[in-house]
Amino acid sequence: MTQTAPLADGIHALLPHEKMNPLARRRRDAYAITPDAPLIRAEFGLMEGTFEEWRKKGMPTDVSQAELFSFDGSASHVCGGLGWCEGAFAPVFETKQIADRGDTEIVQDWAGRHVLYFKRRRNGFMPEYVDHPVKDQRTWIEKVKWRLDPATPVRWENLDRDMAATKAAAAQGFMIVQSIVGGYMFLRSLWGPEKLLYAFVDQPALIHDCMQTWLALAEAVTARHQQHITLDEVFLAEDICYNHGSLISPAMMQEFLFPYYQQLLTNIQRRQLDPHRRLYVQVDTDSDCPVIPLYQKAIGLDTMTPFEVASGCDVVEIGCQHPHLMMYGGIDKRILARSLAEIDRMVERILPVLRRRGGYVPCCDHAVPSEVPYANYLHFRKRCVELGG
């Protein structure tokens, strides 16, 4: 009996390469680490206030970013519902003032943290967190755990609309990405970075309960999504590094993070409507990146971002060390703020080498700050077009 080939609809099987949206082909070629393929034209992000400053310096207001900076349109579609730098709370915490300190105030944010702000200015600078919602078993149960219940109806209110948009993206060959707050980032938002370190040692059972709750919600959301679509990538917002290495030990990663990641990824792969689809794993972490081999061994890391140069990350060197690693970032924001000649030296050292290698997106090593002059950034993007194809 002849078997019928699965429908090449982007869900049950990939579209033929030649029938994909051209930008989708470019992205999939990059993920395949295709030598000499044209580089994706995109940016990690821009800090709030950057555009405002650039408009003062002559940036046109009637031209799109894509046209002005030669950005590609999106060739991926992100499925949400699982948080970003915090857990996917439903309901969220009430945002309210906790204390008035004259020129500043302490505010409880939507994730239950107490944050010190300048009055009437809550964005555009790094926040200072003075307290976090979880301290022990009681605060975890009373304040947080119930907000992560997969059965909360509000989580699913827009599912049909979201899945319709995802199917339309898959039909063009776009990469379908499930974004998830990483385990470390999730725990840090609950405890705070310092108290979390003590909790790993003093309250390990409670940390495991937090991660089991993280996994249960991730399982529920991805399973519902996978009834409709096939995932191409799982993106973990992790931020597990600082400028001298990782914020927790490899032993802590092995105990508190990797088993949950492994279980989730195994189950996602088992549920795929296209069982032959390659599932990529991306990790977003700031600063130095000594964790690459750990994540490669534990969960098959394929992609990483943003490779901060000030912390010692050199994407040319890392690309040689890890030839199968897809990379975003590694462009020094400090050099973008200097001279055009220095920008030229930087991009001429990085882009030709990594274009020959493949699997690289030239973009800033974090959000582009307002200290970068508009003319400098425009020059940088033009050089990306010249050198990246």
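The values are calculated or read from the model by the stated rules, or taken from the named source; none is laboratory data. Note that the coordinates shown come from a computational prediction; the quantities given were computed from them, not determined experimentally. Here the Cβ positions follow ideal geometry from the backbone for every residue, glycine too, while neighbour counts run over all protein chains shown.
Go through (1) within 19 Å of W84 (Cα to Cα); (2) at pLDDT 95 or above; (3) of a type in the set (D, E, K, R) and name the single condition D239 misses.
(2)
From the residues in region 261-292 that are part of a helix (DSSP H, G or I) and within 19 Å of the chain's Cα centre (by Cα), which one is farthest from S179 (Cα to Cα)?
Per the stated criteria, the residue is I292.
Look at G182 and say whether it is of a type in the set (G, A, S), farther than 27 Å from E142 by Cα and in contact (Cβ under 8 Å) with a residue 60 or more places away in the chain.
no
Looking at region 39-87 only, could you name the residues that are aliphatic (A, V, I, L, M) and in contact with a strand residue (DSSP E or B) (Cβ under 7 Å, 6 or more places away or on another chain)?
Answer for region 39-87, where residues must be aliphatic (A, V, I, L, M) and in contact with a strand residue (DSSP E or B) (Cβ under 7 Å, 6 or more places away or on another chain): L39, I40, A42, L46, M47, A75, V78, L82.
Counting only residues that are within 25 Å of P35 (Cα to Cα) and not in a loop (DSSP other than H, G, I, E, B), how many does region 363-378 have?
1
Considering (1) closer than 25 Å to I292 by Cα; (2) charged (D, E, K, R); (3) without any contact (Cβ under 8 Å) to a residue 24 or more places away in the chain, say which one R334 fails and leave the rest.
Among (1) closer than 25 Å to I292 by Cα; (2) charged (D, E, K, R); (3) without any contact (Cβ under 8 Å) to a residue 24 or more places away in the chain, the lone unmet condition for R334 is (3).
Checking M327 against (1) in a helix (DSSP H, G or I); (2) in contact with a helix residue (DSSP H, G or I) (Cβ under 8 Å, 6 or more places away or on another chain), only one condition comes out false. Which one?
So M327 meets the others, but not (1).
For L39, only one of the following conditions fails: (1) touching a helix residue (DSSP H, G or I) at 6+ places or on another chain (Cβ under 6 Å); (2) surrounded by fewer than 17 Cβ atoms within 10 Å (Cβ to Cβ); (3) of a type outside the set (D, E). What is its number?
The failed condition is (2).
Taking the options V154, V92, V115, name whichever one is buried (at least 16 other Cβ atoms within 10 Å of the Cβ) and aliphatic (A, V, I, L, M).
The conditions single out V115.
For region 235-270, which residues satisfy the criterion of being of a type in the set (S, T, Y) and closer than 20 Å to E219 by Cα?
Within region 235-270, Y260, Y261, T266 meet the criteria.
Is there any pair with a first residue in region 14-26 that is under 19 Å from H276 (Cα atoms) and a second that is crowded, with 18+ Cβ neighbours inside 10 Å and among the aromatic types (F, W, Y) whose Cβ atoms are under 7 Å apart and which are 6 or more apart or on different chains, and what are they?
What qualifies is A24/F174.
Output the number of the condition that M175 fails; it satisfies all remaining conditions of (1) among the aliphatic types (A, V, I, L, M); (2) under 17 Å from A220 (Cβ atoms); (3) in contact with a helix residue (DSSP H, G or I) (Cβ under 7 Å, 6 or more places away or on another chain).
Result: M175 fails condition (2) only.
Each row is one residue, and each column tells you yes or no for (1) crowded, with 21+ Cβ neighbours inside 10 Å; (2) among the hydroxyl-bearing types (S, T, Y); (3) under 27 Å from A170 (Cβ atoms); (4) out of contact with any strand residue (DSSP E or B) (no Cβ under 7 Å at 6 or more places or on another chain).
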{"position": "Q212", "(1), (2), (3), (4)": "no, no, no, yes"}
{"position": "D239", "(1), (2), (3), (4)": "no, no, no, no"}
{"position": "L265", "(1), (2), (3), (4)": "no, no, yes, no"}
{"position": "L273", "(1), (2), (3), (4)": "no, no, yes, yes"}
{"position": "R278", "(1), (2), (3), (4)": "no, no, yes, yes"}
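Give the residue that is farthest from the chain's Cα centre (by Cα), with candidates limited to residues of region 59-74 that are surrounded by 14 or more Cβ atoms within 10 Å (Cβ to Cβ) and farther than 30 Å from P150 by Cβ.
This residue is M59.
Every residue, every condition in (1) under 30 Å from D332 (Cβ atoms); (2) of a type in the set (D, E, K, R); (3) under 21 Å from the mean Cα position of the chain (by Cα); (4) assigned by TED's automatic domain parsing to the domain that holds H366, yes or no:
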{"site": "T4", "(1), (2), (3), (4)": "no, no, no, no"}
{"site": "A8", "(1), (2), (3), (4)": "no, no, no, no"}
{"site": "R26", "(1), (2), (3), (4)": "yes, yes, yes, yes"}
{"site": "D29", "(1), (2), (3), (4)": "yes, yes, yes, yes"}
{"site": "P35", "(1), (2), (3), (4)": "yes, no, no, yes"}
{"site": "P38", "(1), (2), (3), (4)": "yes, no, no, yes"}
{"site": "R41", "(1), (2), (3), (4)": "yes, yes, yes, yes"}
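Can you tell me how many residues within region 231-250 are within 30 Å of A165 (Cα to Cα), aliphatic (A, V, I, L, M) and assigned to a loop (DSSP other than H, G, I, E, B)?
Count: 1.
Scanning for something surrounded by 15 or more Cβ atoms within 10 Å (Cβ to Cβ), in a loop (DSSP other than H, G, I, E, B) and modelled with pLDDT of 95 or more, does region 304-312 turn up at least one residue?
Within region 304-312, not a single residue is surrounded by 15 or more Cβ atoms within 10 Å (Cβ to Cβ), in a loop (DSSP other than H, G, I, E, B) and modelled with pLDDT of 95 or more.
Taking region 18-36 as the search range and keeping residues that are under 16 Å from F174 (Cα atoms) and aliphatic (A, V, I, L, M), which one is surrounded by the most Cβ atoms within 10 Å (Cβ to Cβ)?
Per the stated criteria, the residue is A24.
Quick check on my filter: what residues within region 118-136 are farther than 18 Å from L187 by Cβ, touching a residue at least 40 places away in the same chain (Cβ under 8 Å) and surrounded by 12 or more Cβ atoms within 10 Å (Cβ to Cβ)?
G124, the sole residue that qualifies.
For region 159-204, which helices (runs of 4 or more DSSP H) that fit wholly inside it have 2 or more residues that are over 22 Å from the mean Cα position of the chain (by Cα) and modelled with pLDDT of 95 or more?
It comes to 159-170, 193-202.
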